Amino acid sequence: MERYMLYYLAAINLAAFFLMWLDKRRARRKGARRVRERTLFLSALLGGSVGAIAGMRLFRHKTKHWYFVWGMPAILILQLVLAWLTPYLM
């Protein structure tokens, strides 16, 4: 079970990273259809916060939007706290 969780986290973080790259690429092209901000946040909420933050920093994407600058790390902190509390809640 733990191995599948690691596979899932690796996949969702890669997906979140890819979505940041894709949106940055489309932002540079005029008229290109962008990735919705809610999709970027959803990928982080589903466990891809590390990949989303890495994509934000590496591609310098969404770094001027306060809700991304504060929201993505807040999601990561929440996920870390929940992971730490999980053994106590079971």
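Structure values in brief
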item: Qualifying positions in the stretch 11-40 - surrounded by 14 or more Cβ atoms within 10 Å (Cβ to Cβ) and within 19 Å of Ala83 (Cα to Cα); result: Ile12, Asn13
item: Selected residue (only one of Arg3, Arg60, Arg36, Arg29 is modelled with pLDDT of 95 or more and basic (Lys, Arg)); result: Arg36
item: Cβ-Cβ under 7 Å pairs, at least 6 apart or on other chains, the stretch 23-47 side in contact (Cβ under 8 Å) with a residue 12 or more places away in the chain and aliphatic (A, V, I, L, M), far side open to solvent by 100 Å² or more (accessible area, probe 1.4 Å) and not in a helix (DSSP H, G or I); result: Ala27/Arg34
item: Per-region count, the stretch 49-77, residues over 13 Å from Trp21 (Cβ atoms) and open to solvent by less than 10 Å² (accessible area, probe 1.4 Å); result: 3
item: Residue check for Arg3: of a type in the set (D, E, K, R), in a helix (DSSP H, G or I) and more than 17 Å from His61 (Cβ to Cβ); result: yes
item: Helices (runs of 4 or more DSSP H) fully within the stretch 15-90 counting 3 or more residues that are under 13 Å from the mean Cα position of the chain (by Cα) and within 23 Å of Glu2 (Cβ to Cβ); result: 49-59, 66-89
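The values are calculated or read from the model by the stated rules, or taken from the named source; none is laboratory data. Just so you know, these numbers come straight off a predicted model, no measurement behind them. Please note: Cβ atoms are built from the backbone with ideal geometry, for glycine as well, and neighbour counts cover all protein chains shown. When the accessible area is computed, the model is the full protein with side chains, heavy atoms only, and any ligands, DNA or RNA have been set aside. Shrake-Rupley method; radii C 1.70, N 1.55, O 1.52, S 1.80 Å.
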